[in-house]
Amino acid sequence: AVLIIGILSVGPAFAAGYVLLFCFIIVQFYLGIRFVHFRSKIAQITDSRVTMVSQVIAGIRVVKMMGWELAFLNKIKDLRQKETSAIQDATKLKAWNEAIFFAANTTVSAVV
């Protein structure tokens, strides 16, 4: 009903704006799904890193006695690098989502 009344009063530009707004909604929905995927991935990586650190702390005497500090340090650094990379990817995705959110109103208004 709103679409029909808008087209009758404003014209075809209203329909174009409506379609563009619908496209923005679809893009934001897709980005939201991707963000959930990233958060799940980050949680798994964080869990594995925290588990590794906990195990090293629990067996620190054995680690020190056997001289495995550097080996475990490198493993923990690798896990932290993966975690940081995933967090950066999720942050970039969130930034795109927010940019689209704030640009949608202006863009649709410009089309109409």
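Only the coordinates and a few stated rules stand behind these numbers; no lab work does. The structure displayed is predicted, hence computed values, not measured ones. Note: ideal-geometry Cβ built from the backbone for every residue, glycine included; neighbour counts use all protein chains shown.
So here's what we get for this one:
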quantity: Scope segment 1-21; condition surrounded by 11 or more Cβ atoms within 10 Å (Cβ to Cβ) and assigned to a helix (DSSP H, G or I); matching residues; calculated: LEU3, GLY6, ILE7, ALA13, PHE14, ALA15, ALA16, GLY17, TYR18, VAL19, LEU20, LEU21
quantity: Members of segment 48-101 found to be of a type in the set (Val, Ile, Thr) and either farther than 30 Å from PHE24 by Cα or more than 18 Å from the chain's Cα centre (by Cα) (or both), listed by number; calculated: VAL50, THR51, VAL53, VAL56, ILE57, ILE60, VAL62, VAL63, ILE76
quantity: All positions within segment 70-87 that are closer than 13 Å to ILE45 by Cβ and of a type in the set (Gly, Ala, Ser); calculated: SER85, ALA86
quantity: Contacts under 8 angstrom Cβ, first residue in segment 43-58 being under 13 Å from LYS77 (Cβ atoms), partner assigned to a helix (DSSP H, G or I) and among the β-branched types (Val, Ile, Thr), 6 or more apart; calculated: ARG49/ILE76; MET52/ILE76; VAL53/ILE76; VAL56/VAL63; VAL56/ILE76
